1. Picking from 136, 162, 130, which residue would you name as being modelled with pLDDT of 95 or more, among the charged types (D, E, K, R) and touching a helix residue (DSSP H, G or I) at 6+ places or on another chain (Cβ under 8 Å)?
2. What number of residues within the range 9-39 satisfy the criterion of being without any contact (Cβ under 8 Å) to a residue 60 or more places away in the chain and under 22 Å from residue 134 (Cα atoms)?
3. State all residues of the range 118-138 that are more than 11 Å from residue 71 (Cα to Cα), in contact with a strand residue (DSSP E or B) (Cβ under 7 Å, 6 or more places away or on another chain) and without any contact (Cβ under 8 Å) to a residue 60 or more places away in the chain; if no residue qualifies, say none.
4. Just to verify a result, which residue in the range 3-42, among those that are of a type in the set (Asp, Glu) and either loosely packed, with under 12 Cβ neighbours inside 10 Å or more than 19 Å from residue 168 (Cβ to Cβ) (or both), is modelled with the lowest pLDDT?
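The values are calculated or read from the model by the stated rules, or taken from the named source; none is laboratory data. This is a predicted model, so every value here is computed, not measured. Glycine gets a Cβ as well: all are built from the backbone with ideal geometry, and neighbour counts include every protein chain shown.
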Amino acid sequence: MRGAARSTDAAATDKGFDYTAAVRRLCEHVTRHTDELAHIDFSRVAVSFSQTRRRVSHGMYASLTPMRFEGGQRFTERHGRRWTCQRLLDPAGKHEYLYILSLYLPRFQDAPLREKLLTTFHELWHIGPRFDGDLRRHEGRCYAHGRSQAEFDAHCGQLVDRWLAGNPPEQLYDFLRHSFQELQAIHGRIYGIKIRTPKLIPADENVAENVEGTAVNHG
């Protein structure tokens, strides 16, 4: 483990460490330098963090929320009613996010470095190849991971190894070398964007396609 010298990462400021900004920079590099993830326009992916209630190692580390339904459709039919998903806009309120990548802290940050990288690649791989707001869908009942979770994880591990073999700038993922407590000791306040889970909104044939959206802000 490295010493607690203050990081030169652009996410570190006098106000503390902008966690979601650091994750965004990491993911932007990953998607630009991994052929299998090149379909992702990360400017259309929101990054959020949530605080876990208990500091335990088991449980979810991260999640990916699609903002559209199957096939990239904005509307769906459920129980005889028509629904749409609440829109989420960038901080300027101009562009709509198609996905939300959420990290659960401190659990995610307390995992080993490789586990954190695997989790990140795992969630990015869920983004559908058409980048239309829907998930990547595999054949069979387990459409999210395919026939074998082990094969899915092994594939993500290969992507991680290939990205690391390309010698990415170490400052992009250096913050992942630390536990959450260590990161706090280095930077003090840990802050970033927190996004509530978007709601399903009842719709009908008269509802405009441009459903009112909410812009994200730092918390």
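1. 130
2. 5
3. 119, the sole residue that qualifies.
4. 14
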